[in-house]
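What follows is one structure encoded as structure tokens, with my remarks underneath.
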Amino acid sequence: MKTTVSAEKIVSILNEVISPDKDFIALHEPSFQGNEWVYVKECLDTGWVSSVGKYVDKFEEMLKEFTGTKRAVAVVNGTAALHICLKLVGVERDDEVMIPALSFIATANAVAYCGAIPHFVDSSEETLGLDPVKLDEYLQEIAVVRDHACYNKQTGRRIKAVVPMHTFGHSVDLDKLVDICQRYHLELVEDAAESLGSYYKGRHTGNWGRVSALSFNGNKITTTGGGGAIITNDEALGQLAKHLTTTAKKPHAWEFVHDQVGYNYRMPNINAALGCAQLEQLPAFLARKRALAHVYQERFSDVEGVSFITEPNFCTSNYWLNAIRLKPEWSHLRDDILKLTNDHGLMTRPVWRLLSNLPMYEQAPRMDLTVALNLESSIVNIPSSSNLGAAYVES
């Protein structure tokens, strides 16, 4: 017999699943159990701690191999990666870029860095990410294609790109988005910051966009402390990405020759060393996180009024952040749950406030955002660190 959701019930389930052995359980903390000390110490011992060193190259090669892409370029953070991705596909000042209203701030900020305008799109109930069906219907209403470019009939501005973000590691429906982008002459850039280790129909996320962005912030599934990467299957764009993110400096033994406006977005060698050690452990991290998600799903299935958010049927998710969703009639409990869990040392967080409601973007164009608004009011992220799932991995 099911019990009814309450803040006290959520605390009980979290304590049961996690069995906390300390006073505070983080939402997502890194795990350093491999060669991190060895690789970082080598950087310190040799003095190769800055933006030149073997670990940067090694990290990029490991990312290429893991994601199955042809080129990876390590950068200082995920926002920088996304900024350069947009530059690479030709986003210019006053262009519009279609992005989900429900996303981390970096998705919108990267658009603004280009002098472009975020155009907010609603989310899918199934994936939590950008809804391609609603986007297609919306573009039929507001867009016109001429001279192999897409324009907003209402504003007159060019719509240049679409940026889906794979929320909590759950992939959006990429095939439908590819079809939309081809029909409307839009560039597809995947914000894969949260989806390292996630697969869409058996292929790693980041392979559908012309270029895609990854993040290795301290709270991601693998970390470089702070860091990001651009991945692509376009060799020429990959080469240009490396050039732009290393101050656009032309190779020379001693001369400082820069041939265009570039960006000092280089990842330091010491951060890449940490990342190499982390990538070596990524399969184990993924196994633990999926095991933890499975246990959460089982425990919450017995509670009326709340559901555990699971991967779409076309996706194998990394379950970066686990999340529960309250049914509409119980969404008023969200803040009670957040308060009581945090009071008990169990770190939980609401999903992001909709980007369209932030002061710097409240005048930006948007479609109907009914689903995104409902998701915003009903989602709670719960502890998701990989080490929490270690006890549930089959030996």
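A short reminder: the numbers here are calculations on the coordinates, not readings from a lab. What you see is a predicted model; the values in this text were computed from it and never measured. Cβ: placed from backbone, ideal geometry, glycine included. Neighbour counts: every protein chain shown.
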Trypsin sites (Lys or Arg not before Pro) restricted to DSSP loop in region 1-54 with at most 15 other C-beta within 10 Å
Lys2, Lys22
Once R0 is set to 45 Å, what does the formula 1/(1 + (r/R0)^6) return for the Cβ-Cβ distance between Trp37 and Thr370, expressed as a FRET efficiency to the nearest 0.05?
0.35
Quick check: net charge around Phe308, other residues with Cβ under 10 Å of its Cβ, Lys/Arg +1 and Asp/Glu -1?
+1
If you take every residue apart from Lys64 with its C-beta less than 10 Å away from the C-beta of Lys64, what net charge results, scoring Lys and Arg +1 and Asp and Glu -1?
-1
Using only helices, what value at 222 nm comes out for the chain when you add -39,500 (n - 2.57) per DSSP H run of length 4 or more and divide by the total residues, to the nearest 500 deg cm²/dmol?
-11000 deg cm²/dmol
For region 63-156, what is the largest minus smallest coordinate of the Cα atoms on each principal axis, given in angstrom and ordered from greatest to least?
41, 33, 25
With the convex hull built on the Cα atoms of region 251-311, state its orientation-averaged projected area in nm².
8.6 nm²
Give Lys220/Lys249; Lys160/Lys249; Lys134/Lys160; Lys2/Lys327 a once-over and call out the pairs whose C-alpha atoms are over 21 Å from each other.
Lys220/Lys249; Lys160/Lys249
Quick calc, Glu8 & His148: beta-carbon distance into FRET formula, R0 41 Å, rounding 0.05, result 0.10
About its Cα centre, region 36-280 carries a charge dipole, from +1 on Lys and Arg Cβ atoms and -1 on Asp and Glu Cβ atoms, whose size in debye to the nearest 20 is 560 debye
Compare Ala253, Ala161, Ala291 in a GNM of the chain, Cα atoms joined below 10 Å, and give the one with the largest fluctuation.
Ala253
So what does the Cα-only Debye profile of region 30-95 read at q = 0.13, 0.18, 0.26 Å⁻¹, as log10 I(q)/I(0), no solvent term?
-0.53, -0.87, -1.22
Stretched fully, the stretch from Glu61 through Glu255 gains (0.36 nm per residue minus C-alpha distance, one decimal, in nm) 67.0 nm
Picking from Tyr184, Phe256, Val73, whose Cα lies most toward the positive end of the charge dipole for region 36-280 (charges on Cβ: Lys, Arg +1; Asp, Glu -1)?
Phe256
How charged is the neighbourhood of Ala7? Take every other residue with its Cβ under 10 Å from the Cβ of Ala7, and add Lys/Arg as +1 and Asp/Glu as -1.
-1
Springs between alpha-carbon pairs under 10 angstrom, Gaussian network model over the chain: which of Val76, Val38, Val303 fluctuates most?
Val38
The Rg/Rh figure for region 298-395, Cα atoms and Kirkwood Rh, to two decimals is 1.01
Dividing the alpha-carbon radius of gyration of the chain by 2.2 N^0.38 Å, where N counts its residues, gives 1.00
Added length on full extension, which subtracts the Cα-Cα distance from 0.36 nm per residue, Lys54 to Met360
106.1 nm
